[in-house]
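The values are calculated or read from the model by the stated rules, or taken from the named source; none is laboratory data. Because the structure is predicted, anything quoted here is derived from the model rather than measured. Note that each Cβ is placed from the backbone with ideal geometry, even for glycine, and that neighbours are counted across all protein chains shown. Ligands, DNA and RNA are excluded from the accessible area calculation, which covers all protein heavy atoms including side chains. Shrake-Rupley method; radii C 1.70, N 1.55, O 1.52, S 1.80 Å.
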Amino acid sequence: MGMEKVGLVLQGGGMRGIYTAGVLDYFMEQNLYVPYVIAVSAGACNGAAYLSRQHGLGKIMHTKYIHDPRYFNLANLLSKKPIFGMDFIFDEIPHKLEPFAFDRFHQATEQFVVVATDCATGEAVYFGREDFDNLFHVIRASCSLPFVSAKVVINGRELWDGGIAHPVPVQKSMLDGNQRNIIILTSSSAPGWIVRNLWRMERFFNSCNQLQQALVRHFRVFLETVQQIRQLQREGKAFVIAPPEGTFIRGFERRKEKLHQYYNQGYEDARSSYASLQSWLNKNGDG
């Protein structure tokens, strides 16, 4: 297949990331590894599992411990503590409970870019393989949502969730030289209440700090990026795998049956579109 100058772009979305886990598990079964992967938030967790060749790990990380209070504890709100146990998720799970294949990850030849957001400026910060001595510290930064988890400090910069600055970082992939992109979305559209009230949010936060403005700008950027992706599809420069309309789940979904359904949806969408993906790669193989 024509894989030259092809990127794989992974959206975040909290627990909706289990859709991406299903897609990437199917890719792994087909031995399809894209030479450049860029990811935000939950997408970074799935991207790491994909590049370490650990089939099923993304699904495990989204479901196995979801009712463990070390993973998620709503009662922590009462004591003003983070509701997600970030030490448990990004230290104990990959290093002890579900050992991550660090050797295979570092031996992989694919590029991997993880996106975080600078708290001071609201701008995107990019991490590449040279920054992965502490891989899960970088991924933790990309996954740290305001109000529900603490900031992560790397090289003196306070960081939060990469999806704030770049909900779907297809533009960065293009800037890095990828003429075509496989894009995995975890939702097909922004929630309707955001679309209807975006102008009110922008007006309210207009004079606030950079991060608050970035949080509001996030929704505008997401809507604009979706339009850009549709245009890239029309031009044959993007192949999109996304949940069908009406299959949206919450970012904090904890019902295992719903999570398994979303995983299966991703797996089946990858399987059913795989012949078209192969054709797209071959057709555009000359770039």
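Roughly speaking, to the nearest percent, how much of the chain's 1.4 Å accessible area is carbon and sulfur?
Details: 6680 of 13330 Å².
About 50 percent, which is the carbon plus sulfur part of the accessible surface.
At 7 Å along the Cα-to-beta-carbon direction for both residue 254 and residue 67, put a label point, then send me their distance in nm to one decimal.
Each label point is offset 7 Å from its Cα along the Cβ direction, giving 1.1 nm.
If you take all C-alpha pairs in segment 1-146, what percent of them are over 24 Å apart? All intermediate terms of the calculation are to be shown ahead of the outcome.
Details: 3082 of 10585 pairs.
Result: 29 percent of Cα pairs exceed 24 Å.
Regarding the chain, what are the three Cα extents along the principal axes, ordered largest first, in Å?
For the chain, the Cα extents along the three principal axes come out at 55, 46, 39 Å.
Given 101, 26, 122, which one lies farthest toward the positive end of the charge dipole of segment 17-134, if we put +1 on the Cβ of every Lys and Arg and -1 on the Cβ of every Asp and Glu?
26
Dipole of the chain, Cα-centred, from +1 at each Lys and Arg C-beta and -1 at each Asp and Glu C-beta, to the nearest 20 debye?
On the way: 31 positive and 27 negative charges, 173 e Å.
Charge dipole of the chain: 820 debye, to the nearest 20.
So with the 1.4 Å probe, I'd like the accessible area per residue for segment 103-156, rounded to whole Å². Working shown, then result.
Working: 2570 Å² over 54 residues.
That works out to 48 Å² for each residue.
Using helices alone, what [θ] at 222 nm do you get for the chain, with -39,500 (n - 2.57) per DSSP H run of 4 or more residues, divided over all residues and rounded to the nearest 500? Provide the component values of the computation, followed by the final result.
Working: 10 runs with 122 residues, N = 287.
That calculation yields -13500 deg cm²/dmol at 222 nm.
Quick one: compute the contact order of the chain, relative version, from alpha carbon pairs under 8 angstrom and 6+ residues apart, as a percent.
Numbers: 522 pairs, mean separation 82.8, N = 287.
Result for the chain is 29 percent.
Extension gain residue 154-residue 53, at 0.36 nm per residue separation less the Cα-Cα distance, in nm?
On the way: separation 101, 0.36 × 101 = 36.36 nm, distance 2.68 nm.
Going from the current span to full extension adds 33.7 nm.
Which of the helices in the chain, when you take each full DSSP H run, stretch at least 15 Å along the axis at their Cα atoms and have an average Kyte-Doolittle score of 0.5 or higher? All intermediate terms of the calculation are to be shown ahead of the outcome.
Details: long enough: 17-29 (18 Å, 0.61); 192-205 (20 Å, -0.19); 210-234 (34 Å, -0.41); 256-283 (39 Å, -1.50).
Those that clear 15 Å and a mean of 0.5 are 17-29.
Quick one: P(r) of segment 136-189 from all Cα-Cα pairs, 10 Å bins, percents rounded to integers, in order of increasing distance.
In order of increasing distance, the bins hold 22, 40, 32, 6 percent.
Run the numbers on segment 18-146 and let me know its relative contact order in percent, using alpha-carbon pairs under 8 Å that are six or more apart. Provide the component values of the computation, followed by the final result.
Details: 150 pairs, mean separation 38.6, N = 129.
Value for segment 18-146: 30 percent.
Dipole of segment 1-125, Cα-centred, from +1 at each Lys and Arg C-beta and -1 at each Asp and Glu C-beta, to the nearest 20 debye? Intermediate results must be reported in sequence, preceding the final value.
Numbers: 10 positive and 12 negative charges, 64 e Å.
Magnitude of the dipole: close to 300 debye.
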